[in-house]
Structure formats: C-alpha cells, structure tokens
Amino acid sequence: MAVVGYRRVSSVGQNLDRQDLGQVDKVFEEKLSGKSAKDRPALQSLLDYIREGDSVVVFSIDRLARDLRDLQDIIQHVNDKGASIAFLSEGLTFSADKEDAFARLQLQMMGAFAEFERNIIRKRQAEGIAKAKIKGVYKGRKPSIDRDQVHALKAEGLSTYKIADQMGISRMSVHRILNG
C-alpha cells in the first residue's frame, strides 16, 4: 500500500511548492494545462502505477482536473483499481469500498466550479486578444502549415488523404486550406 501524490501547475514558470502533500512514497508532477486528462503524461503514469490499496493524494480538485467529466472519470478509474483518492484542500476522500453521497455532491459542485473558472479564463483571454488586435499589438501565432505547399500538392493531383499524410497534418486542415 503506497501513498502516491500528484502535483500540477499550468505552466513551466509556475512553482509546485505550495502544493504540500505531506508524506508520500512517490510523487507524479507536471507543468501542463489541466484542460484535458489525456494530454498529461504524469497523470497517465500515475493511473498506470497505482495498485489496489494505494492512496492517491492531490492538493486540490482543480489541480487534478478542470473539466467535470475528466474529474469524475479519473476518480472512477482510481476507485476501479481499488485505490482511494484524497483532496487535501477540500477535505474529500473517495474510495472504492465506501460510497459517500454528500462527498459526491461536493465533488460535482466543486468540479463544476473548476470547469466554470476555466471557461471564464478562456473568455477573459479572448477579450484580451480582441483588444490587443484592435490596438495592433496582437499578431497571433505564426502559421504552422505551408498553405502554398498544400495548393501545390493538390495541383500535382494528390488526394486530400495523400496531402495530409505527406505533410503530417489532418485531412480537415487540408480541406480548410483548399476550400478557404
């Protein structure tokens, strides 16, 4: 029975130190956005690592997931493996052998608030970008696809499938470029 910790911050410039997990046997850490559980290698490694009887410790719900569905799926996965998961800030623990309706309600409410907060952040970011564009300060990211090459390959008679494969992009990207 191991105590396994998980710590996450959203970017490389941020510090993990404030997420004190106490005494743990192993810690999985990452500096990535929490928007999708599937895109976080340390989280996936933790989920593979845990065994029946283990305890997972996370500083707070929003460090584990920013999407209610992801949050519920991760907790279910941990519990299905026979392990428990505890959120220190919220004082909530979920284990495979104990169903706590009130804790589930709190989890869903806090998960919904974390998701809501992420949506507000995205909205504020979009508003900031729009204002920066008006001022001429925001240029956006540089295009990562050579649009001229897509058109040239199409002119050579290649199918959208072959263009996408050759350029390492999605077929939908090829369609957007050719039809846009």
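What is the one condition in (1) under 27 Å from the mean Cα position of the chain (by Cα); (2) over 23 Å from SER33 (Cα atoms) that ILE163 does not satisfy?
Just one mismatch for ILE163, condition (1).
Count, please, the residues in segment 156-174 that happen to be of a type outside the set (D, E, K, R) and in a loop (DSSP other than H, G, I, E, B). Walk me through how you get there before you give the answer.
Taking segment 156-174 as the starting set, the residues that turn out to be of a type outside the set (D, E, K, R) are 157-161, 163-164, 166-170, 172-174.
Adding the requirement that they be in a loop (DSSP other than H, G, I, E, B) leaves 157-159, 168-170.
Selection size over segment 156-174: 6.
So which residues in segment 92-104 are touching a helix residue (DSSP H, G or I) at 6+ places or on another chain (Cβ under 6 Å) and assigned to a loop (DSSP other than H, G, I, E, B)? Walk me through it before giving the result.
The initial filter retains those residues of segment 92-104 that are touching a helix residue (DSSP H, G or I) at 6+ places or on another chain (Cβ under 6 Å), namely 92, 94, 96.
Scanning segment 92-104 gives a single hit, ALA96.
For (1) assigned by TED's automatic domain parsing to the domain that holds ASP17; (2) out of contact with any Lys or Arg (no Cβ under 9 Å at 6 or more places or on another chain); (3) at negative phi; (4) of a type in the set (A, V, I, L, M, F, W, C), each residue gets a yes or a no:
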{"position": "ALA42", "(1), (2), (3), (4)": "yes, no, yes, yes"}
{"position": "SER45", "(1), (2), (3), (4)": "yes, yes, yes, no"}
{"position": "VAL56", "(1), (2), (3), (4)": "yes, yes, yes, yes"}
{"position": "GLN76", "(1), (2), (3), (4)": "yes, yes, yes, no"}
{"position": "LEU107", "(1), (2), (3), (4)": "yes, yes, yes, yes"}
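Out of (1) exposed (fewer than 13 other Cβ atoms within 10 Å of the Cβ); (2) in a helix (DSSP H, G or I); (3) of a type in the set (S, T, N, Q), the odd one out for GLN149 is which?
Tallying (1) exposed (fewer than 13 other Cβ atoms within 10 Å of the Cβ); (2) in a helix (DSSP H, G or I); (3) of a type in the set (S, T, N, Q), GLN149 fails exactly one: (1).
Could you tell me whether any residue of segment 121-143 is assigned to a helix (DSSP H, G or I), within 27 Å of ASP20 (Cα to Cα) and not polar (S, T, N, Q)?
Yes.
Among the residues of segment 92-113, what is the count of those that are surrounded by 14 or more Cβ atoms within 10 Å (Cβ to Cβ) and either touching a Cys at 6+ places or on another chain (Cβ under 9 Å) or without any contact (Cβ under 8 Å) to a residue 12 or more places away in the chain (or both)?
Residues meeting the conditions: 3.
Would you mention how many residues in segment 52-91 are assigned to a helix (DSSP H, G or I) and in contact (Cβ under 8 Å) with a residue 24 or more places away in the chain?
13
Check whether at least one residue in segment 114-124 is surrounded by 12 or more Cβ atoms within 10 Å (Cβ to Cβ) and more than 18 Å from the chain's Cα centre (by Cα), and report yes or no.
no
Report whether or not GLN19 is over 22 Å from PHE113 (Cβ atoms) and either touching a residue at least 40 places away in the same chain (Cβ under 8 Å) or not in a helix (DSSP H, G or I) (or both).
No: the conditions fail for GLN19.
Among the candidates SER84, SER45, which residue alone is buried (at least 16 other Cβ atoms within 10 Å of the Cβ), out of contact with any Leu (no Cβ under 7 Å at 6 or more places or on another chain) and polar (S, T, N, Q)?
From the options SER84, SER45, the qualifying one is SER84.
Is there a residue being of a type in the set (A, V, I, L, M) and closer than 18 Å to GLU90 by Cα anywhere in segment 41-57?
Yes, segment 41-57 has at least one match.
The values are calculated or read from the model by the stated rules, or taken from the named source; none is laboratory data. Model, not experiment: these values are computed from the prediction. Cβ coordinates were reconstructed from backbone atoms using ideal geometry, including for glycine residues, and neighbour counts include every protein chain displayed.
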